[in-house]
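A.B. asks: Let me give you the structure first, and then I'll get to my questions.
The values are calculated or read from the model by the stated rules, or taken from the named source; none is laboratory data. Quick caveat, the model's predicted, so the values are computed rather than measured. Note: ideal-geometry Cβ built from the backbone for every residue, glycine included; neighbour counts use all protein chains shown. Surface areas here come from the heavy atoms of the whole protein model, side chains and all, with no ligands, DNA or RNA. Shrake-Rupley method; radii C 1.70, N 1.55, O 1.52, S 1.80 Å.
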Amino acid sequence: MGDARLERLDGIPAFETKFGDQALMDTAERLSVLQINVGKRCNLACKHCHVEAGPNRTEEMSREVMEACLRLLEENPFATVDITGGAPELNPHFRWLVGECAKGCAHVIVRTNLVILLEEGYTDLPEFYRDHRVNVVCSLPHYTAKNTDRMRGEQVFRRSIEAMKRLNEVGYGQEPELVLDLVYNPGGAFLPPSQTAMEAEYKEHLLREYGVSFSHLFTITNNPIGRFGAFLERSGNLEDYMYRLYGAFNASTLESMMCRFQVSVGWDGRLYNCDFNQAADLPMADGATIFDWTGKPMAKQRIRFGKHCYACTAGQGSSCGGATEGV
Ligand code: SF4
Ligand code: SF4
């Protein structure tokens, strides 16, 4: 059972009732993505943040938990390691973790909020990312200052563009192997537009107005949990938004839900099917931690769902890698 506010909405059936093929309720035999959430501390406190991250959060992944993640990576051929937070850069072991992951995996993603790259002590990160061939994924909710600052805070857009320029300078978004992806979030209780069309708009606008470029745009549907869920509830929009997600349910997105292919490790080592389940406090059914998984063969898991899952299956689908269909 997920977020209690959502589960109480009787007009919306349990997510599990939407599966014709029960096999899609399980993870794949072999997982391809190891997602590591290194903590909830962040230099920003965005309105749409499902993690409810911010400067006052203290939850932080220890070196011991990271070492267990690396053991799991050594024992299993994950195609991707996806490091996230909060602002993952704020974890004191962050650079060590990235370096170790890059030794064991060809595709390491770091999710950054861009602004951190201008803070004292972090300005050399563009070079660090380049040297480790990190795929940098940056949240930039919109290509206009007004819409981005409304969600993330004053001057965030201007500083994000400055950080993008630094990344472009070291080759990101310019050289094919230095991948710089942006993430768009809707500015309210609506679904994202077509990812393909939005990517073209972002590229054209950011290049023309600011001379910056990037590789791909991911459109992500706001999940009605965490700070965004609380905002929807306060503004009386929670129910409408949930009906919008439910009404846009697209069965063909079930196969590519990201939870089928990944394990998501929480800051304290607990295991989840995805980052949204972390935020909804919905750990894997057996309550396993990363320490239970090391030294053993990986096995299929029944995924834990809640009504927040309708955000992943609405319209073109949504995942940490953007739309899951028609792109
Ligand atoms: S959305 Fe990202 S940048 Fe904003 S508060 Fe949450 S973790 Fe930090
Ligand atoms: S929120 Fe999305 S990714 Fe997570 S368990 Fe639900 S459907 Fe899967």
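A.B. asks: Pop out the ³J(HN,Hα) list for the stretch 7-13 in order, Karplus 6.51 cos²θ - 1.76 cosθ + 1.60 with θ = phi - 60°, rounded to Hz; leave Gly and Pro as x.
C.D. replies: In residue order, the calculated couplings are 5, 6, 6, 5, x, 10, x Hz.
A.B. asks: With the calculation restricted to Cα positions, what are the radius of gyration and Dmax of the stretch 223-327 in angstrom?
C.D. replies: When restricted to Cα atoms, the stretch 223-327 yields Rg and Dmax of 14.9, 48 Å.
A.B. asks: Hey, another quick one. Mind listing the phi-derived Karplus ³J(HN,Hα) values for the stretch 188-194, rounded to whole Hz, using 6.51, -1.76 and 1.60 with θ = phi - 60°, and x for any glycine or proline?
C.D. replies: Taking θ as phi minus 60°, the curve returns x, 8, 9, 7, x, x, 3 Hz for the stretch 188-194.
A.B. asks: Under a 1.4 Å probe, what is the accessible area of the stretch 251-325 per residue, stated in Å²?
C.D. replies: 33 Å²
A.B. asks: So, one more: Which one of Gly20, Phe305, Phe157 has its Cα pushed farthest toward the positive end of the charge dipole of the chain, where Lys and Arg give +1 and Asp and Glu give -1 at the Cβ?
C.D. replies: Sorting the options by dipole projection puts first Phe157.
A.B. asks: Let me ask another. Compute, for the stretch 1-145, the length of the dipole vector about the Cα centre, with Cβ point charges of +1 (Lys, Arg) and -1 (Asp, Glu) only. Units Debye, rounded to 20.
C.D. replies: Working: 15 positive and 22 negative charges, 60 e Å.
Here the size comes out at about 280 debye.
A.B. asks: I've got another one for you. Pairwise over distinct Cα atoms, reciprocal of the mean inverse distance: report the Kirkwood radius of the stretch 279-327 in Å, one decimal place.
C.D. replies: 13.3 Å
A.B. asks: List the lysines whose alpha-carbon lies under 30 Å from that of Lys165, not counting same-chain residues fewer than 8 positions away?
C.D. replies: By straight Cα distance, Lys165 reaches Lys40, Lys47, Lys103, Lys146, Lys203.
A.B. asks: Still on this structure, I have one more. What residues qualify as long-range amide H neighbours of Val183, i.e. H under 5 Å apart, gap of 5 or more or another chain, H built at 1.01 Å from N?
C.D. replies: Cys138, Ser139, Leu140, Phe218
A.B. asks: Moving to a separate point now. I'd like the carbon and sulfur percentage of the solvent accessible area for the chain, probe radius 1.4 Å, heavy atoms only, ligands and nucleic acids excluded.
C.D. replies: About 50 percent, which is the carbon plus sulfur part of the accessible surface.
A.B. asks: Calculate the length of the line joining the C-alpha centroid of the stretch 137-152 to that of the stretch 305-327, in whole Å.
C.D. replies: The stretch 137-152 and the stretch 305-327 have Cα centres spaced 21 Å from each other.
A.B. asks: Just read off the accessible area of Ser318 with the full protein assembly in place, 1.4 Å probe, to the nearest 10 Å².
C.D. replies: 0 Å²
A.B. asks: Treating the beta-carbon of each Lys and Arg as +1 and of each Asp and Glu as -1, no other charges, what is the dipole magnitude of the stretch 200-275 about its Cα centre, to the nearest 20 debye? Don't jump to the answer; show the numbers that get you there.
C.D. replies: Numbers: 7 positive and 9 negative charges, 21 e Å.
For this selection, approximately 100 debye.
A.B. asks: The chain: percent of C-alpha pairs farther apart than 28 Å?
C.D. replies: Value for the chain (Cα pairs over 28 Å): 38 percent.
A.B. asks: Sticking with this one: Among bridges DSSP assigns within the chain, what percent are antiparallel (round to 5)? Please report the intermediate quantities before stating the final value.
C.D. replies: Numbers: 7 of 32 bridges.
Rounded to the nearest five, the antiparallel share is 20 percent.
A.B. asks: May I ask you to work out the translational diffusion coefficient for the stretch 59-101 at 10 °C, viscosity 1.306 mPa s, via Stokes-Einstein with Rh from the Kirkwood sum over Cα pairs, reported in whole µm²/s? Intermediate values should be presented prior to the final figure.
C.D. replies: Details: Rh = 10.9 Å.
Taking Rh from Cα pairs, D becomes 146 µm²/s.
A.B. asks: Which of the three applies to the stretch 151-219, rounded, prolate or oblate, going by the alpha-carbon gyration tensor with a ≥ b ≥ c and a/c under 1.5 meaning rounded?
C.D. replies: In terms of gyration-tensor shape, oblate.
A.B. asks: In addition: For the stretch 1-156, what is the convex hull (Cα atoms) projected area averaged across all directions, in square nanometres?
C.D. replies: The orientation-averaged projected area of the Cα hull of the stretch 1-156 comes to 12.2 nm².
A.B. asks: May I pose another question? For the stretch 127-258, state what percent of all Cα-Cα pairs lands in each successive 10 Å bin, counting from 0 Å until the bin that includes the largest distance.
C.D. replies: 12, 36, 32, 17, 3
A.B. asks: Which is farthest toward the positive dipole end of the stretch 216-325 among Ser235, Gly269, Trp293, measuring Cα position about the Cα centre, with Cβ charges +1 (Lys, Arg) and -1 (Asp, Glu)?
C.D. replies: The residue sitting farthest along the positive end of the dipole is Trp293.
A.B. asks: If you don't mind, another one. Nearest 20 debye, what's the magnitude of the dipole of the chain about its Cα centre given +1 on Lys and Arg Cβ and -1 on Asp and Glu Cβ? Write out the running numbers ahead of the final one.
C.D. replies: Details: 34 positive and 43 negative charges, 88 e Å.
In debye, rounded to 20, the chain gives about 420.
A.B. asks: Residues of the stretch 1-117: accessible area per residue at 1.4 Å, in Å²?
C.D. replies: 41 Å²
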